[in-house]
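Down below is the structure, laid out as structure tokens.
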Amino acid sequence: KALRLIIPATSAGEGVSLRDDKLVALIAESRAIMAQIVKNPDKSVPTLAAEQGRCRVRMMKVAKLVCLDPFIVTAIVEGRQPLKLTPSRLLAADLPLAWADQRQLLGFG
């Protein structure tokens, strides 16, 4: 019998990546959605969603992530996000406009 103790890291150490590819994909998806919205100013989000066979509610939730604090985006891409920050938590967050408030809400300090 063996006992295994797993202690999660609080941040990415040297040579260790905590990068969450699903979070990174979510950020990329938000930029792609916003590009579509800007490219088609005559179409509403529900229309764009219907044309692509996507859920309009999810599309709006993902699109709002384009307003994330650049510090948070960089941290996610580099794998320095808080361990508790998941794609579902990020989508469910009621993001404030102030970047400092976003950092605090999402656990960046």
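A few notes on this one:
- Given (1) closer than 23 Å to residue 78 by Cβ; (2) at pLDDT below 95; (3) surrounded by 11 or more Cβ atoms within 10 Å (Cβ to Cβ), number of the condition residue 10 does not satisfy: (3)
- Subset of segment 70-81 that is crowded, with 18+ Cβ neighbours inside 10 Å and either free of Cβ contacts under 8 Å to residues at least 40 places away in the same chain or in contact with a Ser or Thr (Cβ under 7 Å, 6 or more places away or on another chain) (or both) - its residue that is nearest to residue 31 (Cα to Cα): 72
- Residue in segment 32-44 that is assigned to a loop (DSSP other than H, G, I, E, B) and aliphatic (A, V, I, L, M) present: no
- Within segment 53-109, tally of residues that are assigned to a helix (DSSP H, G or I) and farther than 18 Å from residue 20 by Cα: 15
- Residue 42 being surrounded by fewer than 16 Cβ atoms within 10 Å (Cβ to Cβ) and modelled with pLDDT of 95 or more: yes
- Of residues in segment 100-109 being over 14 Å from the mean Cα position of the chain (by Cα) and not charged (D, E, K, R), the one farthest from residue 63 (Cα to Cα): 109
The values are calculated or read from the model by the stated rules, or taken from the named source; none is laboratory data. These numbers were taken from a predicted model, which means no experiment stands behind them. We place every Cβ from the backbone using ideal geometry, glycine too, and count neighbours over all the protein chains shown.
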